[in-house]
Amino acid sequence: MLARRIIPCLDVRDGKVVKGVQFRNHEIIGDIVPLAQQYAQAGADELVFYDITASSDARVVDKSWVERIAQVIDIPFCVAGGIKSVEDAGKILAMGADKISINSPALANPELITELHDAFGQQCIVIGIDSHFNELTGKYEVYQFTGDETRTQQTSWETADWVNEVQRRGAGEIVLNCMNQDGVRQGYDLKQLSAIRNICEVPLIASGGAGKIHHFADVFKEADVDGALAASVFHKGIIEIAELKTYLHNETIAMRTV
Amino acid sequence: MAQNIVIIDTGCANISSVKFALERLGVTVTVSDDPAIIKASDKAFLPGVGSAQNAMASIAQKGLVETIQQLTQPTLGVCLGMQLMTALSHESGLNNTDHVTCLNLIPGTVEKMSVGKLRLPHMGWNTVNPNNNPLFKGITHGTYFYFVHGYAVPVYEHTLASCEYGMAFSAAIHKDNFYGVQFHPERSGDAGAQLLENFVSL
C-alpha cells in the first residue's frame, strides 16, 4: 500500500537552515547537509529545501548545496525558491534534486508550469501555494513573495481557482501552505485542506500548523492528504520522526517505518 | 575486482542521483554517451525521467538505439529507463495520443495507470513483492521503495516484482541480461542500496 509521507521542510538562507514564525524573524537552526542526513536517517520520507530569500531578492542565488545534498541523501528531495525558468529548473535537477517547486514565478507566469512539464515531466513539477484565509471576505486567497514580509502581496487568485489552474497546466503535486496556521503549531487547516482535496487530482501535501503528534493523524484521516510537511516541530525536537511514524502506524495510517 | 560500470547518458535529469547512489556503495562509475565506452562496460545503467517521447528522441539523436539493443552485459533500467526497455509506450505529450516506439529489449507495453479515485502520478513509498531472484536478494515481501510515475507495465510473464496502486503493475521486469525497475533505487534508502548492490554483484 502507498504510504503517507512525512516531509520535514528545511528553510535555507545562505546555505544555513533557518526558521521563522509566520514567515518572520528567521533564526539559524544549523548546517544544511548534516541536518538533511539526520532527517533521512530518522525516517523522513522526503525532504523539501526552501530557499526563502530567492524569490523575493531577485539576486542570483548559489545553489551548490543542492549537489552536496544529493551526494549524501538516499531519499527523494525537492528544491523550492528562486526557480524562474526552465533553465533554472534544469540546473537544480541536474545537480540531483528529484523535484522542483515553484510558487511566485508560477503566479507571475503560469505558462512556466506547462514549459516545465514538457521539459522534465509532470512527476517533478511541484506547485507551492501560500493561501491566506481572509476573515472579512470569508475567502481563501493566494499570496506571493511570502519569503519577504515587505514584498508579500495578495494576488487576484482565490485558492481553489489557482489549484484548478495549476493542475490544468501540468502540475504533478501541490503543497498547500495555510498561512494563518504557519509556525503557530495549532494544527493543520483541516477545513481548507479537505475542500482543496476534493478538487485536487494530483498528490496534495499539507503545510502549516503542525504542533502535536495527533495533528498529523487528523490531517491524514480528515483531509486525506498524501503527505504532511512540517518544520519547527522537527527542528526543535518537539516531535521525533520515528516516534511520530510509529504512532501513525498504530493509528492504521499507512507508514513506511524504518 | 574493480568493475567497469557505465551510466548511459540519456540526457535525462536523474543521472547525478544514480551516480551518487553508486558512489555511496564505493563503486566507481562513468557517465557516457560514447557507444564504445558503453559497449565495453561490465554493467550498464539506463536512467530516465520525464516523458518517453523526449527520452527516446534524445537516445535516437545520440545514435544510441542500436548500441543499447546489442548490449549483452547486465543492464538496469530505472523508472522511465525501465519503460524504455519495453516495445511500446502510450506516454507521449499532454494532448498527444501517438504511441512511442521503445527499445524493445523486453516485450511489453507501457500503459497509462488506471487507478479509480486514487491520485496520479503514483508518488511516494509503496510496498514491493519480489519473485525469488538475485536482483531482490535479501529484500523481503512488503519492502518499501520510492515510486514516481503515471504510466506502468502491467503484471505479465516478464514481471520480476509487483506492486499495487489501484491496480497491480510491474515494479520490476526482466529478460535475459536486461533488468528494469519502475521505482527509484537511488532514492529508496537502505532497500534501494541493497538492490543496487545486488545488481552490481550479478
Checked region A:30-45 for anything open to solvent by less than 10 Å² (accessible area, probe 1.4 Å) and either in a helix (DSSP H, G or I) or among the small types (G, A, S) (or both); matches are A:I32, A:A36, A:G43, A:A44
Scanning region B:28-77 residue by residue, those farther than 21 Å from A:C124 by Cα, among the β-branched types (V, I, T) and assigned to a loop (DSSP other than H, G, I, E, B) turn out to be B:T28, B:T72
Residues of region B:125-143 being within 9 Å of chain A (Cβ to nearest Cβ) and buried (at least 24 other Cβ atoms within 10 Å of the Cβ), in sequence order, are B:W125
Residue hits (region A:200-238; surrounded by fewer than 22 Cβ atoms within 10 Å (Cβ to Cβ) and assigned to a loop (DSSP other than H, G, I, E, B)) are A:E201, A:G211, A:K212, A:D224, A:K236, A:G237, A:I238
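Say whether the condition of being closer than 25 Å to A:A195 by Cβ, modelled with pLDDT of 95 or more, part of a loop (DSSP other than H, G, I, E, B) and of a type outside the set (A, V, I, L, M) is met by at least one residue in region A:68-83. Spell out how you get there, then give the answer.
Here is the first cut: in region A:68-83, the ones closer than 25 Å to A:A195 by Cβ are A:78, A:80.
Filter again for modelled with pLDDT of 95 or more, leaving A:78.
Now narrow it down to the ones that are part of a loop (DSSP other than H, G, I, E, B): none.
The answer is no, given that none of the residues of region A:68-83 is closer than 25 Å to A:A195 by Cβ, modelled with pLDDT of 95 or more, part of a loop (DSSP other than H, G, I, E, B) and of a type outside the set (A, V, I, L, M).
Return yes when B:D33 is within 17 Å of B:N14 (Cα to Cα), surrounded by fewer than 21 Cβ atoms within 10 Å (Cβ to Cβ), more than 14 Å from chain A (Cβ to nearest Cβ) and not hydrophobic (A, V, I, L, M, F, W, C) and no when it is not.
Numbers: within 17 Å of B:N14 (Cα to Cα): yes; surrounded by fewer than 21 Cβ atoms within 10 Å (Cβ to Cβ): yes; more than 14 Å from chain A (Cβ to nearest Cβ): yes; not hydrophobic (A, V, I, L, M, F, W, C): yes.
The answer is yes for B:D33.
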Of the residues in region B:150-172, those that are under 29 Å from A:I100 (Cα atoms) and open to solvent by less than 10 Å² (accessible area, probe 1.4 Å) come to B:A152, B:V153, B:C163, B:F169, B:S170, B:A171, B:A172
Restricting attention to region A:150-191, the residues that are in a loop (DSSP other than H, G, I, E, B), more than 16 Å from the chain's Cα centre (by Cα) and on the phi < 0 side of the Ramachandran plot number exactly 6
Of the residues that make up region A:127-137, is at least one under 25 Å from A:A89 (Cα atoms), open to solvent by less than 20 Å² (accessible area, probe 1.4 Å) and within 14 Å of chain B (Cβ to nearest Cβ)?
yes
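Every residue, every condition in (1) free of Cβ contacts under 8 Å to residues at least 24 places away in the same chain; (2) within 12 Å of another protein chain (Cβ to nearest Cβ); (3) open to solvent by 50 Å² or more (accessible area, probe 1.4 Å), yes or no:
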position	(1), (2), (3)
B:C12	no, yes, no
B:A21	no, yes, no
B:L46	no, no, no
B:Q53	no, yes, yes
B:A57	yes, no, yes
B:L76	no, no, no
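Within region A:106-115, is there a residue that is modelled with pLDDT under 90 and of a type outside the set (D, E)?
Taking region A:106-115 as the starting set, the residues that turn out to be modelled with pLDDT under 90 are none.
Checked region A:106-115: no residue is modelled with pLDDT under 90 and of a type outside the set (D, E).
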Selection from region B:179-202 of residues surrounded by 24 or more Cβ atoms within 10 Å (Cβ to Cβ) and outside any helix (DSSP H, G or I) yields B:Y179, B:G180, B:V181, B:Q182, B:F183, B:H184, B:S188
Note on region A:179-199: residues at pLDDT 95 or above and open to solvent by 50 Å² or more (accessible area, probe 1.4 Å) are A:K191, A:A195, A:N198, A:I199
Per the list (1) polar (S, T, N, Q); (2) open to solvent by less than 30 Å² (accessible area, probe 1.4 Å); (3) without any contact (Cβ under 8 Å) to a residue 60 or more places away in the chain, residue check on A:N109 breaks on (2)
task: Would you mind stating whether A:S104 is under 17 Å from the mean Cα position of the chain (by Cα) and farther than 20 Å from A:V12 by Cα?
output: no
- Query: Is it true that some residue in region B:79-88 is modelled with pLDDT under 95, part of a loop (DSSP other than H, G, I, E, B) and under 22 Å from B:Q182 (Cβ atoms)?
  - Reply: yes
_Any residue at all in region A:145-152 that's free of Cβ contacts under 8 Å to residues at least 60 places away in the same chain and away from every other protein chain (no Cβ under 14 Å)?_
yes
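The values are calculated or read from the model by the stated rules, or taken from the named source; none is laboratory data. Here the structure is a predicted model, which means the values were calculated and not measured. Positions of Cβ are backbone-derived with ideal geometry, glycine not excepted, and every protein chain shown enters the neighbour counts. These accessible areas exclude ligands, DNA and RNA; they are computed on the full protein's heavy atoms, side chains included. Shrake-Rupley method; radii C 1.70, N 1.55, O 1.52, S 1.80 Å.
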